[in-house]
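This report concerns only the one structure given below.
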Amino acid sequence: MNTHKLKNTAIPYLFIAPAALVIAALVVYPIANGIYISFFNTNLVNKWEFVGFEYYLKALTDVDFRDSIIKTFIFTFWVVAGHFVIGFILASIVNRPIKGKSFFRGLLIMPWIFPDVVVALLWKWIFNTQNGILNTLLLHFGIVDEPISWLGSAATALGCVIFVSIWKGYPLVMVQLLAGIQTISDDLYEAAKIDGANALQQFWYVTVPSLKPIISSVLVLDTVWVFKQFTLVYTQTQGGPGSTTMVSAIEIYKRAFNYFEFGYASAESVFILIICYLIGKVLRRVMESD
């Protein structure tokens, strides 16, 4: 009897064991190892000089790291806002009974299908100062008198990478919101119409409250995802010109692989981990509050 009971108790753990092992190997171990490295001045081979919390204290007063975090917050705010607004509008449109709805859904999701590197290189060519199609069109129609260095100018570089990041990421938000919209019962809208609610009121009092759990999840996941964005920005500008697009992920990358300060880079990564955790907690609290 005891053996049978023990077997029944162990079966659920056996089922989740493969997933737990994968998570431990791909998530828990890298985080723990990164925290461990942050306490050492190391080259990751034969130099392991324990420095305690020195790098954490240094990061708190590092102007370059502070500026990269500020740029990351600016970048994240506009990208997430763009994802949400565009995703919500397009999800509402393709949910309506329009002709060719399936085709437009497939077309609108295309940017998400392409790898980040492909998207970044495509837009880098479009923004190219001499041979880019954007400058070619602007010059052809007389909108500008000379080519614009879109990614080489401090005035336009950050705006360009924000635009590309919005274009790349809005389909995921659109699909998630569309799935949520399709779960809302038509009876709720019919009841709202009977009560005299117009289209805007139906959206505000029926659609938004019904999607609140999904909106909360979308905002948390998208914010954390964008906050640690690296590939799109690095491939287009490598953090330049100067430090105009030097988001924290690029700052940490350069600290580790250009200056070989692996311990310091790990300490900065821990701060980013904490920030992402706090962002998730704050957004959850805000969205779940009445």
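Quick rundown of the values:
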quantity	calculated
Loop sites in the range 231-290: chymotrypsin sites (Phe, Trp or Tyr not before Pro), DSSP, at most 10 other Cβ within 10 Å	Tyr259
Rounded if a/c under 1.5, otherwise prolate or oblate - the range 1-99, Cα gyration tensor axes	oblate
The range 49-102-the range 139-204 distance, computed between alpha-carbon centres (Å)	15
In the range 111-200, the trypsin sites (Lys or Arg not before Pro) that fall in loop regions by DSSP, at most 13 other Cβ within 10 Å	none
Structure-based [θ]222 nm, the chain - -39500 (n - 2.57) summed over DSSP H runs of at least 4, per residue, nearest 500	-22500 deg cm²/dmol
Lysines with Cα under 21 Å of Lys47, excluding same-chain neighbours fewer than 8 positions away	Lys58, Lys254
Difference of contour (0.36 nm per residue) and Cα-Cα distance, Ala81 to Ala199	40.2 nm
Full-stretch length increase - His140, Val286 - with 0.36 nm per residue and alpha-carbon distance subtracted	47.7 nm
Derived scalar couplings ³J(HN,Hα) [the range 138-145; Karplus, 6.51 cos²θ - 1.76 cosθ + 1.60; whole Hz; x for Gly, Pro]	5, 5, 4, 8, x, 6, 10, 8
Net length gained if the chain between Lys5 and Thr231 were fully extended (0.36 nm per residue, minus Cα distance)	76.3 nm
Carbon and sulfur %, accessible surface of the range 122-240 computed with the full protein complex present, 1.4 Å	63
Trypsin sites (Lys or Arg not before Pro) lying in DSSP loop within the range 23-97, provided at most 15 other Cβ fall within 10 Å	Lys47
Residues of type lysines that Lys281 reaches as a straight line, Cα spacing below 19 Å, ignoring anything fewer than 8 places off in the same chain	Lys212, Lys228
The range 76-231 shape via C-alpha gyration tensor axes, a/c threshold 1.5	prolate
The range 133-253, accessible area per residue, ligands and nucleic acids excluded (1.4 Å, Å²)	50
Rg(Cα)/(2.2 N^0.38 Å) for the chain, N = residue count	1.26
Under 15 Å, Cβ to Cβ, from Leu108 - net charge with Lys/Arg +1 and Asp/Glu -1	+4
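The values are calculated or read from the model by the stated rules, or taken from the named source; none is laboratory data. Values in this document were obtained by computation on a predicted structure and should not be read as measured data. Glycine gets a Cβ as well: all are built from the backbone with ideal geometry, and neighbour counts include every protein chain shown. Accessible surface is based on the protein model in full, side chains and every heavy atom, while ligands, DNA and RNA are left aside. Shrake-Rupley method; radii C 1.70, N 1.55, O 1.52, S 1.80 Å.
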